[in-house]
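Student: First the structure, then my questions, so here it is.
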Amino acid sequence: MTDEQTGQTGQTDHTGPDQQGAQGARSRQQPPGPRLPPPRRGADWMFGGVYGTVLASGLLAALDQAGEEYTPFYDASWVLVTACAAALAHGYSHHMSSHQAGSAALRWRVLSRALWNEWPMIVATLPTVVLLLIAGLTHLDSHAVTAVGLGLNTALLFAWGSFVALRVGHRLGQALLTGMADATIGLAIIVANAVIK
């Protein structure tokens, strides 16, 4: 082997045994503990709004039963309770699917943040809850309230879908088509409600 070849070898391998051992020890170290998920912003939390609006529409249609006593306050409480339960289940399942090792205190903080990130789902059901409370106070007809609520939620789905699409960078035409696609879910609930009942 020539001096020139050995010089090239010396240039390419500067790692001594001690340095290699330190690098190996670092590579065997445990990965860092779980980090707090960031709070939802922009389009991310809007998807929870779409989900909550669909949930509210389905519950509103299901709770209005022909031939039974109309109980709007009871229905409003169940819409809210179901939305809270769905948000907790959704946040907890996200937390468990990304579970990492860490201290108990940090795990609780990560879980709390994951649950807090589900607030848009609950907020999206509030128009339906408020409508049912107004119906209870003014003694509105149950069929009229259901029709108004399903129409309102369908309009909200269109607004959610269009707004989300605009926020993520779609052009206006594409955003309106996305809104129409979301509104189709509301229309499907209206049709299903009419067919089933």
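Student: Over the stretch 116-176, with every protein chain in place, what whole percent of the accessible area is carbon and sulfur at 1.4 Å, could you tell me? Walk me through the intermediate numbers first.
Tutor: Working: 2350 of 3170 Å².
Using a 1.4 Å probe with all protein chains present, the stretch 116-176 comes out at 74 percent carbon and sulfur.
Student: Go through 119, 108, 78 and list them by solvent-accessible area, largest first, probe radius 1.4 Å.
Tutor: 108, 78, 119
Student: Can you pull the Kirkwood radius for the stretch 134-174, inverse mean 1/r over Cα pairs, to one decimal in Å?
Tutor: Values: mean 1/r = 0.0829 Å⁻¹.
Over the stretch 134-174, the inverse of the mean reciprocal pair distance is 12.1 Å.
Student: Could you derive backbone 3J(HN,Hα) for the stretch 50-61 from the dihedral phi with the Karplus parameters 6.51, -1.76 and 1.60 (θ = phi - 60°), listing whole Hz in sequence and x where the residue is Gly or Pro?
Tutor: Once rounded to whole Hz, the list reads 4, 4, x, 5, 5, 4, 4, 5, x, 5, 4, 5.
Student: Same structure again: Please compute the Kirkwood hydrodynamic radius of the stretch 45-197 from all pairs of different C-alpha atoms, in Å with one decimal.
Tutor: Its Kirkwood hydrodynamic radius stands at 16.7 Å.
The values are calculated or read from the model by the stated rules, or taken from the named source; none is laboratory data. No experiment lies behind these values; they were computed from the predicted model shown. Areas reflect the complete protein model, heavy atoms only, side chains present, ligands, DNA and RNA absent. Shrake-Rupley method; radii C 1.70, N 1.55, O 1.52, S 1.80 Å.
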